[in-house]
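S.K.: Below you'll find the structure I mean.
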Amino acid sequence: APLAKRVVLAMDTNINFHTAWDNWDAWSAEMAPYWSEDMVYDFGFVGDWFASPMQGLRSWFDGEHMHYNVALPDCQFTDFIRAATDQQCTSASYGIARWEAPFAGVPPPAGKPWVRVRDLDFYQMDGDRIKTNWCIIDVVDMFQQAGYQLLPPAPMATDGYLPPNAMDGAPAPLSAAVDPRDTRASERVWRAALHEDYALRQDEARWWAEDVVWYGPAGVGTAHSREEYRKHFLEPLHAAFSDLTMRMDMVVCEGKYCGAHFYLHGRHTGTWLGEAATYRHVPIRFGAHARIEGGRIVQGWLIIDIPRAFHAMGIDLFARARLLAAK
């Protein structure tokens, strides 16, 4: 397996086992071999719950690590995609946990429900250690599972955040079985799709299979065709934001699987996810994955940091959730 995959898997084993999760001395001793001293952990927007990005293991421990694990203790993650090169790695996962304490100041319902947490990570190595970890979870989807409906009804029903419909390993792909020619072909398709769908604001989605299954974020839902992806995701996004520019942090492919972490920056000049134009400059953070067969994307997965975008629009989704929780 590529170096980055081996390092991330070893590190992630400690995360999933919750090894000494609340003991700084023991936890840091376990984690330090995998991270550079100036490592950066960049989590999704959570208001003033903790500051992000975090630099250094102690900052991460005191920030996202402790906050998340108190709110969602013993969260058990299943990785269904892990694609890598020697210096980059990405994963798509879901965690299952009981929501037991406030998340970003939002209390759980009285019954403390079980939730499925959509999660993704992108890792940049520095030699044999992780330098940067970008992580996003679909917070809005988690809240909606608990009954806090923060957005208007999605135009498509959601099927969840399901694993690939292929026998490529679990998580996919199994590196030993990867054909490098597939990696090169997949990256060509993936980069072209990202450039056309986001940077060029084109609505054709010509790199997507006609019967694609695309697991979209909260507020959008699951598309079961190229036409649904176009109609319910691409076209509304392009209509709602003007003067878009794209900043790519990472594109990584292995075999038939690819991922990308990036931002779109634009002016909010039309309705998006129920919010009328605010004419503010908005950064939209994306984490995307794809499975590519025969030169077309046949499955896709997307998480958007919706609270961050809404914050830039002047809307506090966590305050909205707290009001719903108080009812």
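S.K.: Sum -39500 (n - 2.57) across every DSSP H segment of at least 4 residues in the chain, then divide by the residue count to get the 222 nm mean residue ellipticity, nearest 500.
M.R.: The helix-only estimate for the chain comes to -7000 deg cm²/dmol at 222 nm.
S.K.: Can you divide the C-alpha Rg of the range 255-299 by 2.2 N^0.38 Å and report the result to two decimal places?
M.R.: Here the answer is 1.61, to two decimals.
S.K.: For the chain, modelled as a GNM with alpha-carbon contacts under 10 angstrom, which of Met156, Met167, Met246 fluctuates the most?
M.R.: Highest fluctuation among the options: Met167.
S.K.: Hey, another quick one. Please report, in whole Å³, the volume per residue of the convex hull around the C-alpha atoms of the range 221-327.
M.R.: Numbers: hull volume 13.2 nm³, N = 107.
That works out to 123 Å³ per residue.
S.K.: Report the extension gain between Asp74 and Arg322 in nm, rounded to one decimal, defined as 0.36 nm multiplied by the number of residues separating them, less their alpha carbon distance.
M.R.: 86.9 nm
S.K.: A follow-up question, please. When averaged across all projection directions, what area in nm² does the alpha-carbon convex hull of the range 1-128 cover? All intermediate terms of the calculation are to be shown ahead of the outcome.
M.R.: Details: hull surface 29.9 nm².
Approximately 7.5 nm², given one-decimal rounding.
S.K.: Based on the alpha-carbon set only, what is the convex hull volume of the range 266-325 divided per residue, in Å³?
M.R.: Normalising the Cα hull of the range 266-325 by residue number yields 116 Å³.
S.K.: When the dipole is taken about the Cα centre of the range 1-45, and only Lys, Arg (+1) and Asp, Glu (-1) are charged at their Cβ, what size is it in debye, to the nearest 20?
M.R.: On the way: 2 positive and 7 negative charges, 61 e Å.
Magnitude of the dipole: close to 300 debye.
S.K.: Moving on. FRET efficiency for Ala166 and Asp22, Cβ-Cβ distance as r, R0 = 45 Å, nearest 0.05?
M.R.: Using R0 = 45 Å, I get an efficiency of 0.70.
S.K.: Give the aspartates and glutamates reachable from Lys231 as a straight Cα distance under 12 Å; neighbours fewer than 8 places away on the same chain don't count.
M.R.: Qualifying aspartates and glutamates at Cα under 12 Å: Asp203, Glu204.
S.K.: Let me ask you something else. Considering the dipole of the chain built from charges on the beta carbon (Lys and Arg +1, Asp and Glu -1) around the Cα centre, which of Tyr263, Pro180, Phe50 is farthest to its positive end?
M.R.: Highest projection toward the positive end goes to Tyr263.
S.K.: From the gyration tensor of the Cα coordinates in the range 56-127, what semi-axes in whole Å does the equivalent ellipsoid have, largest first, with each one equal to sqrt(5λ)?
M.R.: Over the Cα atoms of the range 56-127, the ellipsoid semi-axes are 27, 16, 8 Å.
S.K.: Still on this structure, please answer the following. Ratio of alpha-carbon Rg to the 2.2 N^0.38 Å globular estimate for the range 88-239, to two decimals, please. Show your work: numbers first, answer last.
M.R.: Values: Rg = 17.8 Å, N = 152, 2.2 N^0.38 = 14.8 Å.
So the range 88-239 has a normalised radius of gyration of 1.20.
S.K.: If you don't mind, there's one more thing I want to ask. For the chain, give me the percentage of DSSP beta bridges that are antiparallel, rounded to the nearest 5 percent. Can you show the working numbers first?
M.R.: Values: 63 of 72 bridges.
Of the beta bridges lying entirely in the chain, close to 90 percent run antiparallel.
S.K.: Pick from Pro283, Pro307, Pro155 the residue whose mean-square fluctuation is largest in a GNM of the chain, springs joining Cα atoms under 10 Å.
M.R.: Pro155
S.K.: Placing +1 at every Lys and Arg Cβ and -1 at every Asp and Glu Cβ, with all other atoms neutral, what dipole size does the chain have around its Cα centre, in debye to the nearest 20?
M.R.: Dipole of the chain, to the nearest 20 debye: 580 debye.
S.K.: I've got another one for you. Taking the Cα-to-Cβ direction at Ala29 and at Ala51 and moving 7 Å from each Cα, how far apart do the two end points lie in nm?
M.R.: 2.9 nm
S.K.: Using 0.36 nm per residue, how much length does the chain from His281 to Ala10 gain when fully extended, once their Cα-Cα distance is taken away?
M.R.: Numbers: separation 271, 0.36 × 271 = 97.56 nm, distance 3.98 nm.
Length difference between fully extended and current span is 93.6 nm.
S.K.: If you don't mind, there's one more thing I want to ask. Using a 1.4 Å probe over the heavy atoms of the protein chains, calculate the carbon and sulfur portion of the accessible area of the chain as a whole percent.
M.R.: Numbers: 6860 of 13290 Å².
Carbon-and-sulfur percentage of accessible area, whole number: 52.
S.K.: With no solvent and one point on each alpha carbon, what is the Debye value of log10 I(q)/I(0) for the range 161-279 at q = 0.19, 0.21, 0.23 Å⁻¹?
M.R.: Here the Debye-derived log intensity ratios amount to -1.16, -1.34, -1.47.
S.K.: Pick from Ala260, Ala199, Ala209: which residue has the top mean-square fluctuation in a GNM of the chain where Cα pairs under 10 Å get a spring?
M.R.: Fluctuation is largest for Ala199.
S.K.: Another one. Roughly how much of Trp114 is accessible, in Å² to the nearest 10, using a 1.4 Å probe?
M.R.: 140 Å²
S.K.: Projected area of the chain, taken from the Cα convex hull and averaged over every viewing direction, in nm²?
M.R.: Mean projected area of the Cα convex hull: 15.3 nm².
The values are calculated or read from the model by the stated rules, or taken from the named source; none is laboratory data. Computed from a prediction, not measured in an experiment: that's the story for all the values here. Note that we place each Cβ from the backbone using ideal geometry, even for glycine, and neighbour counts take in every protein chain shown. Surface areas here come from the heavy atoms of the whole protein model, side chains and all, with no ligands, DNA or RNA. Shrake-Rupley method; radii C 1.70, N 1.55, O 1.52, S 1.80 Å.
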